[in-house]
Amino acid sequence: MKARHFTLIFFYSSLLFSQKVEFNSKIEYEMNFLLKNYNAVLLYNTEKSVFTYSDLANDDEKTDDEGNINITVADTISHLVFTNIIEKKLYNYTCIFSPKKHDWVEESKPDFNWIKINDTKTINNLLCNKATCTFRGRNYTAWYCPEIKNDYGPWKFSGLPGLILEIYDSENEVHFLVKRISIPFDCSVAINPNNTIPYDRVRLIQKEKTDELIKKMESKQERGFSIKVKVNSQQQIERE
């Protein structure tokens, strides 16, 4: 079968691609984050995976005459997670310092400490088992399919004995639900994490910015302003 190629085109920035990674499976999800809907795609093989999502309104996928798949997404909303299982590393391509500039953030592959629950349900005619975990301030429930024998899932999630078809948090702020499973699906993605920033440094910078914002708001309140402060990040699913 002739391999298809994904071209991820980001406006206002450039990815420095240098190597092609071959994938053999494609999973499409509907993603809901803070009441906003996104298209999401997971590509994987036995050693690596790439997960990307984009706003439904700005997503555009077209296939050319040679069978190549070109995905164009808006840079200010798009987000990409590249996982290398062999190296036990995870790389996020996301906005850290500016909404128009992306950086690679490197972290160790998370250990979710899943708790398996004796419960089942059917999703897309596939029998799924239940598991729960707590990860970075959120309590999650996952439904995974042992019939699809891998430990992948959307975003950063992994580690269950089967593909995660659905996962959501207890506050109903984050929800992934599978739309389409394409196995096999031969394709290649040119991707190369470069000039990476350690995750711990990013969290420290984010905390410093949040503390600075809160101090400014408190200063305005002292001068008679009535202000409610709610801090979150559109690009991050985790909380403190």
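The values are calculated or read from the model by the stated rules, or taken from the named source; none is laboratory data. Owing to the predicted nature of the structure, the values given are computational and were not obtained by experimental measurement. The protein model used for the area step is the full one, side chains on, heavy atoms only, and it has no ligands, DNA or RNA in it. Shrake-Rupley method; radii C 1.70, N 1.55, O 1.52, S 1.80 Å.
Per-residue Karplus couplings for region 124-133, computed as 6.51 cos²θ - 1.76 cosθ + 1.60 with θ equal to phi - 60°, are listed in order as 6, 6, 10, 6, 10, 9, 9, 8, 10, 7 Hz, Gly and Pro entered as x. Pairs of Cα atoms nearer than 8 Å and 6+ residues apart set the relative contact order; for region 114-187 it is 21 percent. Rounded to the nearest whole Hz, the Karplus-based 3J(HN,Hα) values (6.51 cos²θ - 1.76 cosθ + 1.60, θ = phi - 60°) of region 160-166 follow the sequence 9, x, x, 4, 7, 8, 8, with x at glycine and proline. For ILE148, the residues whose amide H sits under 5 Å from its own are LEU163, ignoring neighbours fewer than 5 places away on the same chain, with H placed 1.01 Å from N. Think of a 1.4 Å ball rolled over the protein heavy atoms: region 89-172 then has 45 Å² of accessible area per residue. Amide H contacts for ILE197 (H built 1.01 Å from N in the peptide plane; partners 5 or more residues away or on another chain; cut-off under 5 Å): TRP104, VAL105, GLU106. The string of couplings for region 107-115 from the Karplus curve (6.51, -1.76, 1.60, θ = phi - 60°) is 8, 6, 4, x, 9, 8, 6, 4, 10 Hz, one whole number per residue in order, with x for Gly and Pro.
Remark: for residue pairs LYS89/LYS156; LYS48/LYS109; LYS48/LYS121; LYS88/LYS179; LYS48/LYS88, the C-alpha separation exceeds 18 Å in LYS48/LYS121; LYS88/LYS179.
Taking square-rooted eigenvalues a ≥ b ≥ c of the alpha carbon gyration tensor, is region 177-221 rounded, prolate or oblate, where a/c under 1.5 means rounded and, failing that, a/b exceeding b/c means prolate? Cα axes put region 177-221 in the oblate bin.
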